[in-house]
1. From the C-alpha gyration tensor of the stretch A:292-332, pull out the three semi-axes of the equivalent ellipsoid (sqrt of 5λ each), sorted largest to smallest, in whole Å.
2. Can you give me the C-alpha center-to-center distance between the stretch A:132-146 and the stretch A:556-583, rounded to a whole angstrom?
3. Using alpha carbon coordinates only, what is the Rg to Rh ratio of chain A, with Rh defined as the Kirkwood radius?
4. So for the stretch A:144-219, what are the equivalent ellipsoid semi-axes in whole Å, largest first, each being the square root of 5 times an eigenvalue of the Cα gyration tensor?
5. Restricting to DSSP loop positions (anything but H, G, I, E, B) with no more than 15 other Cβ atoms inside 10 Å of their own Cβ, which trypsin sites (Lys or Arg not before Pro) remain in the stretch A:27-85?
6. Would you mind giving the three semi-axes, in whole Å and largest first, of the ellipsoid equivalent to the stretch A:7-131 according to its Cα gyration tensor?
7. Distance cut-off 18 Å, Cα to Cα: go down the list A:Lys6/A:Lys514; A:Lys517/A:Lys550; A:Lys219/A:Lys270 and report the pairs above it.
8. Once the convex hull of the alpha carbons of the stretch A:5-52 is built, what does its volume come to per residue, in cubic angstrom?
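Nothing in this text is a laboratory measurement; each read-out follows from the coordinates by a stated rule. Keep in mind the model is a prediction, meaning the values are calculated, not measured. Note that we place each Cβ from the backbone using ideal geometry, even for glycine, and neighbour counts take in every protein chain shown.
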Amino acid sequence: MFEFIKNHISEKIYTNLQEFDVKFDVDEARSYEFGDFATNAAVIIAKKRGVSPKEVADEIAALFEDDKYLEASVAGIFVNFRIREDVLKEFVNSSLESIEVSKLGLNKWHLEFGSVNPTGPVSLGHARQAAIGDTLARVLRFLGVDVVTEHYSNDAGRQVNLLTMSFIVRILEKKGENVALPEDAYHGDYLSEFASRLLEQDEDLLDMAQNGGFEGDWKVVFDIAQNLDMEFLSKVAGLLGDNSGEKKENAEKGDVSEEEMFREKFELLKNFIVSVCRGWILQTFKRFRVTFDKVFSEKTLHLSGALKEVFENLQKAELVYFKDGAYFLKTTEFGDEKDRVLIRSDGTPTYFLSDLAYHLDKYRRGFDYYITVLGQDHHEYAQRLAIGLKALGIEADKFKVVLHQFVNLKEGGKVVRMSKRSGKFVTLDELMNKVGVDPIRFFFVSKSNNSHIEFDVELAQSQTTENPVYYIQYVHARICGIERKLTEKGIVLETAFDGKLDGIKRHLVWQLIKFEKALWLVLNSLSPHHLVSWLMETADIFHKLYTEVKVADNPEYWPLFALARKYIAQGLDLIGVEAPERM
RNA sequence: GCGCCCGUAGCUCAGCUGGAUAGAGCAACGGACUUCUAAUCCGUAGGUCGGGGGUUCGAAUCCUCCCGGGCGCGCCA
């Protein structure tokens, strides 16, 4: 409806005034008092013609004298439009059937978000990323887009080796060994807990691992854990290349098969603990009402030779050179300030190379757009990635990165520093335990992506009733309450609207029409907060209407309430927040 | 030093593809529950839109400089 009327206005002006080469705006009027829509066409066209804006404004207004949908009025240099009452009524009655919005068409979009190293719990930063990504996915789907959501799991490389090493240390601790956790290891308590549960053969831990993709033999993992010793740990340390000075001399002498066996054990342990962490992460996201169509493992790219292929393609294109023992990509040829390493001097691929392989994989799966939601700290990386994609010769402008600012946690008026490796942070699970899902999902998408968020834990706990999310949910609960009450009394509720649409009642209908505008704003900015603004405004108008119109005495207004509930429920669903029937 | 983002009411933030008196929530103050849930409503108060300059008929919005804050500038991911 919104987009339809908008187009109707501009088309009518273009067609009748024949000003094809000017660009003017048609949008919602600045204030509801002025009208529903407004255009600045008069001032733009007047300037071009060299006449007064008033003259053109009158001309435009005259065009709409017998318009089917609108009545126009001139206010200074603007022309304002009001939708006719019968058109509004028609909107109400058809929307009671189903909410219709202009669709985007048959686009296929790929959305990647909530991608995290499977090395620990979900942090608040990732939670914001997931809330944004999931809301975008829901909105896009509502707009008719074919969406695939994907979680990319960085389960290869040094970080997961470090994780495994930390896990081994924790197991040894449980077995009574006197070991210290290295500085750069993962210090969170969860690994210690997982170690205990593994040694106790806790079935729930196995479940978690299997949810995270573990397919190995659980008994074997248990055996390995049982028989871990300090020697094993020292071999692991060598594997990490921590002490680069003492490159393994034992490799020369050591029994090859023994070395292979050690490797195998290490890989299995790694596979297990990585799967546990990934299962945990996915479980947390699920609780946060975020699910993914696909979980993509970085490791599979290494195993399939995808990295090698990308590297060789770049080599063939003569974009790679060898220097200081490492292979560099000539990103400077594409505007980067310096060239980037693809393969390190120790022969291992960088994250950059595997990420290029990952994006090529996405590209080959064939989408119209590829969205990646990342924290603001990745902004420079995002640019480099775009450059890398150009080097690969794929359509880089189909890839869009949505950056969001951080979540700062405040406790006692102080900003809490969060770091995963130190284990000092508040996790999404903990926060959900404290305040529930709804306030968090709501809060994380209620500000623009570019805006920093200050999350005050105490405030969230102590003042939950003052959270705006309840203001919106209360609309839904109130309407459900009325319906219950009236139905109990045996009052038959109207299913079609034919009352008078004036004052606040008309304002509400207009607000519901603007739902479509809010969705398109989300689409164009890829920032979900516009939808929350709409929800707030809608709740505001509804609560006013509620005090003004007593449906019990005026049952003819019931369809307006029913419609408000429908829209509020839809809006809340799109941001992943529940619409309760009572509060 | 370079790059990205931010600076709007006491607090947290909308508004930024230029337009008509700058908005909301919270906090403050004063009212409204024998009436569909007061987790609500009505009212009051609160702003040189960080600062200077520029473009324009018109700037919170665009350009530029300055000040202040966050983040990033690895053969980490």
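1. Values: eigenvalues 136, 24, 22 Å².
With the √(5λ) rule applied to the stretch A:292-332, the semi-axes are 26, 11, 10 Å.
2. Taking the Cα centre of the stretch A:556-583 as reference, the centre of the stretch A:132-146 is 19 Å away.
3. Details: Rg = 29.7 Å, Rh = 27.8 Å.
Answer for chain A: 1.07.
4. On the way: eigenvalues 165, 62, 20 Å².
Computed over the stretch A:144-219, the values are 29, 18, 10 Å.
5. Details: sites: A:Arg30, A:Lys47, A:Lys48, A:Arg49, A:Lys54, A:Lys68, A:Arg82, A:Arg84; in loops: A:Arg30, A:Lys68, A:Arg84.
Here the trypsin sites (Lys or Arg not before Pro) that fit, given the DSSP loop and packing criteria, are A:Arg30, A:Lys68, A:Arg84.
6. Numbers: eigenvalues 345, 88, 44 Å².
Sorted largest first and rounded, they come to 42, 21, 15 Å.
7. Working: A:Lys6/A:Lys514 11 Å; A:Lys517/A:Lys550 29 Å; A:Lys219/A:Lys270 15 Å.
Table pairs above 18 Å Cα-Cα are A:Lys517/A:Lys550.
8. Values: hull volume 3.6 nm³, N = 48.
Normalising the Cα hull of the stretch A:5-52 by residue number yields 76 Å³.
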